[in-house]
1. Suppose we filter the range 121-161 for residues that are among the basic types (Lys, Arg) and farther than 23 Å from Ala239 by Cα; how many remain?
2. Please work out which residue is nearest to the chain's Cα centre (by Cα), limiting yourself to the range 301-311 and to residues that are surrounded by fewer than 18 Cβ atoms within 10 Å (Cβ to Cβ) and not in a helix (DSSP H, G or I).
3. Pick out the one residue from Leu109, Leu92, Leu54, Leu75 that is within 26 Å of the chain's Cα centre (by Cα), under 25 Å from Gln171 (Cβ atoms) and not charged (D, E, K, R).
4. Inside the range 86-125, can you point out the residues that are in a helix (DSSP H, G or I) and either open to solvent by 10 Å² or more (accessible area, probe 1.4 Å) or among the acidic types (Asp, Glu) (or both)?
5. Output the residues belonging to the range 325-337 that are within 18 Å of Ala275 (Cα to Cα) and surrounded by fewer than 16 Cβ atoms within 10 Å (Cβ to Cβ).
6. Any idea which residue in the range 366-394 is most open to solvent (accessible area, probe 1.4 Å), counting only those that are of a type in the set (Gly, Ala, Ser) and under 13 Å from the mean Cα position of the chain (by Cα)?
7. Could you please find all residues in the range 325-334 being in contact with a Ser or Thr (Cβ under 9 Å, 6 or more places away or on another chain) and not in a helix (DSSP H, G or I)?
Amino acid sequence: MLSGKRIVLGVTGGIAAYRAAELISLLKKRGAEVRVVMTEHACRFIAPLTLETLTGNRVHTDLFAARDEIAHIALAKWADLFVVAPATANILAKFASGVADDLLSTTYLAMRCPVLLAPAMNAAMWRHPATQKNVECLRAWGARFCGPARGHLACGDEDVGRMEEPQAILQAIEDILCPKQDFAGRRLLVTAGPTREMLDPVRFLTNRSTGKMGFAIAEAARDRGATVTLVSGPVSLTAPAGVEFVPITSCAELCEAVLSRAEGSDVVIQAAAPADFRPRAVAAEKIKKSGEGMTLELENTTDIAAELGRRKREGQILVAFAAETQNVAENARKKLERKNADLVVANDVTRPGAGFAGDTNAVTIFSREDAREVPLRGKREVAEAILDRVSELF
């Protein structure tokens, strides 16, 4: 699949650096041409000679090495794709800040091709606000991320932070360089994020949804040729390029935005987490604290998925989501019937790495014929698996 494709692979100083050798081997078997740039610290984990032997090309390590060409400029002009695996917290910070103090960071700034980053670091470092801010910045600039995965870390912890498996990175590379176009000509409506139901001018009811799953689906569908509309509740994510973005706040606004656009959509994917209840009365002024506490009376919000199922036209595909804490399969199958959905994507939000706010997910996709498990993966990979299942229904 990758015959003739030119890939620049950056390798940084993490324990996962040795896995770059396996990734190179997979790329070469697919026919790709690979050139490697290593940081000084990466050379302490794996010898450049190993990667030179595997690629058949000289490994670049020194910004000031004697040469016939300006290495970072020449590599940037040559590459079809720039991959960094592993990508440490340090290199993510450099890329996001525009720091160019070694060959790899300088090469990144010169790149004009797509960028794929495979983070690997301790879980605490990954979750640190500085790292997350850098990740969001790089995503906004168009960088793709593969991982990190959950598993056994070098420090002994079982947590998120492992570099994704080389096979998964290879799949991400193929998705970028040889993208499927099975959604070309299709119109997709995707919802994402939470809603907010106001209690008074300063308080509201909501949930922990970050919108990452819905955004990943919208981006994956766009890359597979679809015309995508993304309706999202309040999130901190940047609207994906090339996607019509419709921001909403309340469940009522979500309902109006979705129902007004559903008729013209071939596929509706209801990945948002709208509130099931809202306050029966909204106070005009801030409710003051009293020593007696308060009683909050709630009423149901509109069941948007059920309404979409009721209005579903012939040939239209409806995908609902079910975030469960118990009896996942039973509840998902009930939802499949109750909402008149074609697929229900269900997950156990109490499972580590598969709940709200993370970068990974593990789901089971239910149809009336079967149930297919998608193991713990990055949300972009899960999104691709969901779209693969939708594509089968066309």
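1. Going residue by residue through the range 121-161, those that are among the basic types (Lys, Arg) are 127, 133, 139, 144, 150.
Add one more test, that the residue is farther than 23 Å from Ala239 by Cα, and what stays is 150.
The number of residues fulfilling the criteria is 1.
2. Initial filter on the range 301-311 (surrounded by fewer than 18 Cβ atoms within 10 Å (Cβ to Cβ)): 302-303, 306-307, 310-311.
Next cut, not in a helix (DSSP H, G or I) only: 302-303.
On the way: Thr302: 28, Asp303: 27 Å.
Of everything passing the filter in the range 301-311, Asp303 is nearest to the chain's Cα centre (by Cα).
3. Values: Leu109 fails: under 25 Å from Gln171 (Cβ atoms); Leu54 fails: within 26 Å of the chain's Cα centre (by Cα); Leu75 fails: within 26 Å of the chain's Cα centre (by Cα).
The unique qualifying residue is Leu92.
4. In the first step, residues of the range 86-125 are kept if they are in a helix (DSSP H, G or I); the result is 89-97, 103-110, 123-125.
Correct list: Ala89, Asn90, Ala93, Lys94, Ala96, Ser97, Thr106, Tyr108, Leu109, Ala110, Ala124, Met125.
5. The answer is Thr325, and nothing else.
6. Looking at the filtered set, the residue picked out is Ala385.
7. Of all residues in the range 325-334, those in contact with a Ser or Thr (Cβ under 9 Å, 6 or more places away or on another chain) come to 325-326, 328-329, 332.
Answer for the range 325-334, where residues must be in contact with a Ser or Thr (Cβ under 9 Å, 6 or more places away or on another chain) and not in a helix (DSSP H, G or I): Thr325, Gln326.
Every residue, every condition in (1) modelled with pLDDT of 90 or more; (2) more than 25 Å from Pro179 (Cα to Cα); (3) of a type in the set (D, E, K, R); (4) open to solvent by 40 Å² or more (accessible area, probe 1.4 Å), yes or no:
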position	(1), (2), (3), (4)
Ile7	yes, no, no, no
Glu22	yes, no, yes, yes
Leu27	yes, no, no, no
Ala32	yes, no, no, no
His41	yes, yes, no, yes
Phe45	yes, yes, no, yes
Asp62	no, yes, yes, yes
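The values are calculated or read from the model by the stated rules, or taken from the named source; none is laboratory data. These numbers come from a predicted model, not from an experiment. Heads up, the Cβs are rebuilt from the backbone with ideal geometry, glycines too, and the neighbour counts pull from every protein chain shown. Heavy atoms of the whole protein, side chains included, go into the accessibility calculation; ligands, DNA and RNA do not. Shrake-Rupley method; radii C 1.70, N 1.55, O 1.52, S 1.80 Å.
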